[in-house]
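The values are calculated or read from the model by the stated rules, or taken from the named source; none is laboratory data. Model, not experiment: these values are computed from the prediction. Cβ sites come from the backbone with ideal geometry, for glycine too, and all protein chains shown count toward neighbours.
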Amino acid sequence: MWLTVVLVVHVIVAIGIIGLVLLQHGKGADMGAGFGAGASGSLFGATGSANFLSRTTAALAAVFFLTSLGLAYIATHKPKAGGGVMETIKDIPQAPVPGTSSEGKSPRQASGKAGEPPEKAGDAGASRANEVPK
């Protein structure tokens, strides 16, 4: 969205600069204006149009410069195309939950020996808690 907004502003400012530059008088036109070539009858007076047009051109040039920098920044910091949200999530290894017996067996079956007493509820799976999941 920002790319479109900045690009539209950039093009409009460029067209405005072109128009203002074409409206301004060249250096050689000052000689004719000094002898009454119709410059005194203009909207801004004899020298008012030159100041207004040059200041407006300078302001549009500054905006053009800033939009150029903005477009360059947007172009270099563009997110990867085609990637989904889930592709950016890294896999987090799951640790075993303490207090559960191993693989759904009862504590007596998990010990592997039928003659031994069952493990305490807090100790079930404690021997596997320090193992790294695969």
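Selection within the stretch 22-33: residues that are surrounded by 13 or more Cβ atoms within 10 Å (Cβ to Cβ) and at pLDDT 70 or above. The member of this set that is nearest to the chain's Cα centre (by Cα) is GLN24.
Per-residue answers, yes or no, for (1) of a type in the set (D, E, K, R); (2) surrounded by fewer than 10 Cβ atoms within 10 Å (Cβ to Cβ); (3) assigned to a helix (DSSP H, G or I); (4) at pLDDT below 65:
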position	(1), (2), (3), (4)
ALA58	no, no, yes, no
ALA62	no, no, yes, no
THR67	no, no, yes, no
GLY70	no, no, yes, no
TYR73	no, no, yes, no
PRO79	no, yes, no, no
GLY84	no, yes, no, no
ARG108	yes, no, yes, yes
